[in-house]
1. With the contact rule set at Cα under 8 Å and sequence spacing of 6 or more, what percent relative contact order holds for the chain?
2. Tell me the Kirkwood hydrodynamic radius of the chain in angstroms, computed as one over the mean inverse distance between distinct C-alpha pairs.
3. For the chain, find the longest principal axis of its Cα atoms and tell me its angle to the long axis of helix 73-83, 0 to 90°, nearest 10.
4. Which parts of the range 10-31 would a label at residue 85 reach, counting a residue when its backbone N lies under 18 Å from a point 7 Å out along Cα-to-Cβ?
5. Measure nothing fancy, just the Cα-based angle from helix 22-31's long axis to the longest principal axis of the chain, in degrees from 0 to 90, nearest 10.
6. Let's test the formula: R0 of 22 Å, r as the Cβ-Cβ distance of residue 52 and residue 31. What FRET efficiency results, to the nearest 0.05?
7. What's the ranking of 80-86, 23-29 by average number of surrounding C-beta atoms within 10 Å, highest first?
8. Can you tell which of 12, 66, 32 shows the greatest fluctuation in a Gaussian network model of the chain with Cα springs below 10 Å?
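No value in this document is a laboratory result; all are computed from the given coordinates. Everything numeric here is computed off the predicted structure, so don't read it as measured data. Virtual Cβ from ideal backbone geometry, glycine too; neighbours counted across all protein chains shown.
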């Protein structure tokens, strides 16, 4: 894979490796590649935050809501994760 490889192709190639699924591939694309539109599927924390903030129930509803955040879903994921942190 070259630096010019589209992130979607990189994610698909990662998913072909044993033990790497869509969540891991999207996480790598988000963190290591800095891709701003990664959205790790079935992330428990994202689904929990989306339920709290948007009343969504499940991955399908989360995907629908996330579509409105394109092409910046990685930033939405970070905000959702942060929304679950408790301050002391």
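1. Values: 79 pairs, mean separation 21.2, N = 88.
Result for the chain is 24 percent.
2. Numbers: mean 1/r = 0.0738 Å⁻¹.
Evaluated over the chain, this radius sits at 13.6 Å.
3. Roughly 40 degrees, rounded to the nearest 10.
4. Of the residues in the range 10-31, 31 have backbone N under 18 Å from the label point off residue 85.
5. It works out to around 90 degrees.
6. Values: r = 24 Å, r/R0 = 1.08.
Here the calculated transfer efficiency is 0.40.
7. Values: 80-86: 12.0, 23-29: 19.1.
For the peptides 80-86, 23-29, the packing ranking is 23-29, 80-86.
8. Its mean-square fluctuation being the largest, the pick is 32.
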